[in-house]
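Engineer: This is the structure, below, for whatever I ask next.
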Amino acid sequence: MTKQIERVVIVGGGTAGWMTAAALSRMLARDRTRITLIESDAIGTVGVGEATIPPILTFNQMLGINENEFIAATNGTFKLGIEFVNWARQGDRYFHPFGHYGHPVNGVPFHQLYLRERARRPMPDISAYSMPSMAAAHNRFARPAATAQSIVREMIYAFHFDASLYARFLRDYSERGGVTRIEGRIVGAHRDGESGDIASVQMENGERIAGDLFVDCSGFRGLLIEEALGAGYDDWSHWLPCDRAVAVPSANVGPLTPYTRSIAHSAGWQWRIPLQHRTGNGHVFSTAHISEDEATATLLANLEGEALAEPRTIRFKTGRRRKTWSHNVVAIGLSAGFIEPLESTSIHLIQTGIARLIALFPDTGRNDVERAEYNKVLQDQFEDLRDFIILHYHATERDDSSFWNYMRTMPIPEPLAHKMALFRGRGRTFRDGFELFSPASWVAVMMGQRQMPTGYDPVADGLDDDAVAAMLERYRQEIAGTVGQLPSHETFIARILQHQGMPMDMAS
């Protein structure tokens, strides 16, 4: 006989653990389900996920979090996209914005209209037709009011924040919601002899913590999902050979930019994430192509401000757990897999795992169908993100190092090869299933990395030439005019810190 889950045990804290705890405390009935989180202050967290993508707004809204309070508590800033430097060629720059470019006309995608006009006459870069791109280029920001009617409503955004402060913020939220935190180190797990489920975890002090459902947020180790249950791991390092990162904070210099920057180096890339109190920096690299000492020296030589701490190293292997839900254990966060943070998807993968767990929340029965669905969705999400990240490396003309020669010439997954071929022909790109990144994102990266189509969709020729040209120019001018009215990113954040809880939108 099955019954409702009464005891949820979350193994590990950090961003993944406390996001899970916060969401479950919000969605599950407190009088029916007890949530316990076990973490040890002696075990450090990775903490590289300081940049996010727009779905984080949905997560915070689901929790009922006041955005201004969140920005203040996490030393947060706003993010309109990512600037990529030196990816297709050294010296190149392009911007991958949130949101879209322009608007379709009679069902014809905007980028097809742009490609048609580009074939007829000189055109500005496609970023001129993106509100977030132009605001980022001028270091300006404003949130659109709910009633906004002008182009300012297209200011799609996410956040940068201090991951440790975010975990602390969510811990406070979770504990107010009834979550119990246990401090201590887990040294083992006990399985039910009949079902093979995890019955309890063994603490270092001898105590056993029993549960009906366990959420493994133990990081790369995979304490339950791998060490106890042997779920297996698909290694993707032949496609994504970067296996280490060295990270260091630095002092802020210059304007507070509303975007992340990714700078390609000889054997990897460097992130730059601006926060209110510091800048986060890291160098993701392949140890097969550069030594850790060389990678560290490259990072320190390319900081914009003074280093505020000693660099620390993070080791990883890109890939995913073959089963992210096995028996009564669901792996969320790094225990489920890792895609390097090039497009800031680490926290989104946590959010996806949590949302799908809530949608398929089990009872104490077998739950075979729910497990299969969960694993399929997470597999698809990981593979889609994998291919999008591979695109950045493979779509390059760089031949200045063994790393880039390998990335440029390696065989790639068939779905990605198909997408690239489809785009190179007539600029066609489509969104499949639960795929995270929209066609606009594929357009941004493809065109930004010089994968220009040889043609465009012939359906676009059915539209009047002069009308299309006039529409594009009106749209470009409207963006330029609106951006000029926005406050600077720094000014907007200063207003938040001075007037927490007051409306900070730009209604237009």
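Values in this text are rule-based calculations from the coordinates and carry no lab data. None of these values were measured; they are calculated from a predicted model. Every residue, glycine as well, gets a Cβ built from its backbone with ideal geometry; the counts of neighbours run over all protein chains shown.
Engineer: Using modelled backbone amide H atoms (1.01 Å from N, in-plane), which distant-in-sequence or interchain residues come within less than 5 Å of ALA199's amide H?
Structural biologist: Excluding prolines and chain starts, which carry no amide H, the hits are HIS190, ARG191, ASP192.
Engineer: Can you give me the long-range amide H partners of ILE10? Hydrogens built in the peptide plane at 1.01 Å from N, cutoff under 5 Å, separation of 5 or more residues or another chain.
Structural biologist: Under 5 Å from the amide H of ILE10 lie the amide H atoms of THR36, LEU37, ILE38, VAL215, each far enough along the sequence or on another chain.
Engineer: Please give the Cα centre distance for region 132-153 versus region 424-487, rounded to the nearest Å.
Structural biologist: Their Cα centres are 18 Å away from one another.
Engineer: Sum up the charges of everything whose Cβ sits under 10 Å from the Cβ of GLY319, counting Lys and Arg as +1 and Asp and Glu as -1, but leave GLY319 out. Spell out each step's value before the answer.
Structural biologist: Numbers: positive: LYS317, ARG320, ARG321, ARG322, ARG386; negative: ASP234, ASP235.
In short, +3.
Engineer: Also, I was wondering about something else. What is the sum of charges around ILE151, taking Lys and Arg as +1, Asp and Glu as -1, for the other residues whose C-beta is under 11 Å from the C-beta of ILE151?
Structural biologist: Numbers: positive: ARG153, ARG474, ARG476; negative: GLU154, GLU478.
Surrounding charge for ILE151 is +1.
Engineer: Out of the GluC sites (Glu not before Pro) in region 255-340, which ones are loop residues according to DSSP with at most 13 other C-beta atoms within 10 Å?
Structural biologist: Numbers: sites: GLU292, GLU294, GLU304, GLU306; in loops: GLU304, GLU306.
When the GluC sites (Glu not before Pro) of region 255-340 are filtered for loop state and at most 13 Cβ neighbours within 10 Å, GLU306 remain.
Engineer: Additional query: Starting at the first residue of region 385-391, write each ³J(HN,Hα) from the Karplus equation 6.51 cos²θ - 1.76 cosθ + 1.60 with θ = phi - 60°, in whole Hz, x for Gly and Pro.
Structural biologist: For region 385-391, the Karplus-derived couplings read 5, 3, 5, 5, 5, 4, 3 Hz, x marking Gly and Pro.
Engineer: Order of 263-270, 343-350 by packing, highest average Cβ count within 10 Å first?
Structural biologist: 343-350, 263-270
Engineer: Which lysines, on any chain, are close to LYS3 with Cα under 25 Å apart, when same-chain ones fewer than 8 places away are left out?
Structural biologist: Those lysines meeting the cut-off are LYS323.
Engineer: Continuing with the same structure: Once both axes come from the Cα atoms, what is the angle between helix 465-483 and the longest principal axis of the chain, in degrees from 0 to 90, rounded to 10?
Structural biologist: So the inclination is approximately 60 degrees.
Engineer: On to the next question. Report, to the nearest 10°, how far helix 14-27 tilts away from the longest principal axis of the Cα atoms in the chain, using its own Cα long axis and a range of 0 to 90°.
Structural biologist: Taking the Cα atoms of the chain, the angle to 14-27 is about 80 degrees.
Engineer: Give, as a single signed number, the net charge of other residues whose beta carbon lies under 11 Å from the beta carbon of ASN75, with Lys and Arg counted +1 and Asp and Glu -1. Present the calculation step by step, with values, prior to reporting the outcome.
Structural biologist: Numbers: positive: ARG278; negative: GLU50, ASP162.
Neighbourhood net charge equals -1.
Engineer: Given a Förster radius of 51 Å and the C-beta distance between MET123 and ILE314 as r, what FRET efficiency does 1/(1 + (r/R0)^6) yield to the nearest 0.05? Walk me through the numbers before you get to the answer.
Structural biologist: Numbers: r = 42 Å, r/R0 = 0.82.
Computed FRET efficiency for MET123 and ILE314 comes out at 0.75.
Engineer: Can you work out ³J(HN,Hα) from phi for every residue in region 314-321, in order, using Karplus 6.51 cos²θ - 1.76 cosθ + 1.60 and θ = phi - 60°, giving whole Hz and x for Gly and Pro?
Structural biologist: For region 314-321, the Karplus-derived couplings read 10, 9, 7, 9, 5, x, 9, 5 Hz, x marking Gly and Pro.
Engineer: Enumerate by residue number the GluC sites (Glu not before Pro) in region 206-250 meeting two conditions: DSSP loop (anything except H, G, I, E, B), and at most 15 other Cβ atoms within 10 Å of the site's Cβ.
Structural biologist: On the way: sites: GLU207, GLU226, GLU227; in loops: GLU207.
Answer by residue number: GLU207.
Engineer: Peptides 324-335, 53-64: what's the order by average Cβ count within 10 Å, highest mean first?
Structural biologist: Result, highest mean first: 324-335, 53-64.
Engineer: Against the longest alpha carbon principal axis of the chain, how many degrees, from 0 to 90 and to the nearest 10, is the axis of helix 439-448 turned?
Structural biologist: Around 60 degrees separate the two axes.
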